[in-house]
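Trainee: This is the structure I have questions about; it appears just below.
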Amino acid sequence: MPEPSFIGIDLGGTQLRVAAARLDGAMLDRRHATTDRLGGPQAVVAQMEALVGAVRQRDTVAIGIGVPGAFDGEKGMVLDIPALPGWNSVPLEKILSDRTGLTVILENDAKVAALGEWRAGGGKGFSNFAYVTVSTGIGGGIVAEGRMIRGFRGLAGEVGHTRITDHSAVCSCGRQGCWEAVASGTALARAAKAAIEKAPSSLLAKVAGEDAPTGEHVSRAAREKCPAALAILNVEAEWLAAGFANIQHLYSPQRIVLGGGVSNALDLMHAQIVRSMEERILSGHPIPEIVRAELGDDAGLIGAAYRASETQG
Ligand SMILES: [Zn+2]
């Protein structure tokens with residue numbers, strides 16, 4: 001019997017992306033639209049239905065959705081999506097299933113990206129692997145001994161909110177000291193802004209120009225050897241190493257795959273991350289390989305399709 005196909009949905013605050021794929025990784029069709037944020041759940045679900053209708057194949061059996069917020073996996077209900085107004089207690093699995101006739105399953109957006117990288121990207125073939133995405137925030141997915149770790153009600157793998165310091169800016173979660181508060185792209189941008197105020201004639205200041213400083217500006221200036229930018233990446237590398245070392249002591253992955261915007265600067269930080277991890281990890285134990293994610297923005301889309309396949313048999 002031929003293999004069935006699955007649909008992955010990447011529900012983003014700006015883009016809604018839908019693809020049909022097979023488990024060998026073949027992407028059969030893909031569509032996207034600008035998420036109708038202000039239209040609320042009703043409008044976005046209608047967009048999903050239309051895009052699913054456009055990509056679905058005769059042999060499509062299930063849909064996986066990466067959710068950028070809190071959800072109840074047992075009830076198939078979205079509880080809250082910070083980037084999308086009105087998404088409170090939306091029984092998304094049932095609504096979309098009723099409209100499409102397909103099985104629907106929800107999953108955390110970082111976990112579907114981890115699943116994509118595990119099955120078809122930088123984690124392929126590893127039974128102990130961690131995926132960490134560092135962009136506006138920090139998310140992750142842990143595969144230990146061949147299984148994605150979800151824990152009770154799915155909190156496992158929320159590495160961004162593990163406490164790593166006593167002193168930090170306020171995190172997106174409202175607390176202080178989280179890894180995300182010191183090592184995310186948001187933290188990088190904050191450091192860039194402070195550096196520019198201190199050194200307005202630096203190359204970093206020129207690269208940012210009139211724009212609000214971003215992590216991207218930092219890595220561009222660092223590639224031109226700007227001392228202010230290199231110093232910021234130095235601090236970033238230390239924080240990443242600290243978080244990676246915590247993950248290592250908890251799960252001992254063979255490989256840590258870094259995704260998200262900040263991963264574009266991994267080559268600039270790699271040597272220092274490795275050096276710092278060697279100091280931080282219990283002696284006698286190997287440090288994991290630290291590599292960049294391979295699937296880019298498609299990790300979540302492909303991973304959501306794989307998640308859908310887990311509903312079968
Ligand atoms: Zn936090």
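The values are calculated or read from the model by the stated rules, or taken from the named source; none is laboratory data. Treat the numbers as computed from the prediction; the structure is a model and nothing was measured. So basically every Cβ, Gly included, is an ideal-geometry build from the backbone, and we count neighbours across all protein chains shown. Please note that ligands, DNA and RNA were not included when accessible areas were found on the heavy atoms of the full protein model with its side chains. Shrake-Rupley method; radii C 1.70, N 1.55, O 1.52, S 1.80 Å.
Trainee: If a residue counts only when it is in contact (Cβ under 8 Å) with a residue 40 or more places away in the chain, over 16 Å from GLU93 (Cα atoms) and among the β-branched types (Val, Ile, Thr), which strands (runs of 3 or more DSSP E) contained entirely in the stretch 1-52 have at least 2 such residues?
Mentor: none
Trainee: In this structure, is ALA156 within 12 Å of the ligand (Cβ to nearest atom), out of contact with any Phe, Trp or Tyr (no Cβ under 9 Å at 6 or more places or on another chain) and outside the structural domain of GLU107 (by TED's automatic domain parsing)?
Mentor: no
Trainee: Further question: Of ILE164, ILE232, which residue is out of contact with any Lys or Arg (no Cβ under 7 Å at 6 or more places or on another chain), away from the ligand (no atom under 16 Å from the Cβ) and among the β-branched types (Val, Ile, Thr)?
Mentor: None of the others qualify; the one that does is ILE232.
Trainee: Checking GLY174 against (1) at positive phi; (2) free of Cβ contacts under 8 Å to residues at least 60 places away in the same chain; (3) away from the ligand (no atom under 16 Å from the Cβ): exactly one of these is not met. Which one?
Mentor: If we test GLY174 against (1) at positive phi; (2) free of Cβ contacts under 8 Å to residues at least 60 places away in the same chain; (3) away from the ligand (no atom under 16 Å from the Cβ), just (3) comes out false.
Trainee: Moving on. Looking at (1) open to solvent by 20 Å² or more (accessible area, probe 1.4 Å); (2) within 15 Å of the ligand (Cβ to nearest atom); (3) modelled with pLDDT of 95 or more, which one does ALA169 not meet, given that it meets all the others?
Mentor: So ALA169 meets the others, but not (3).
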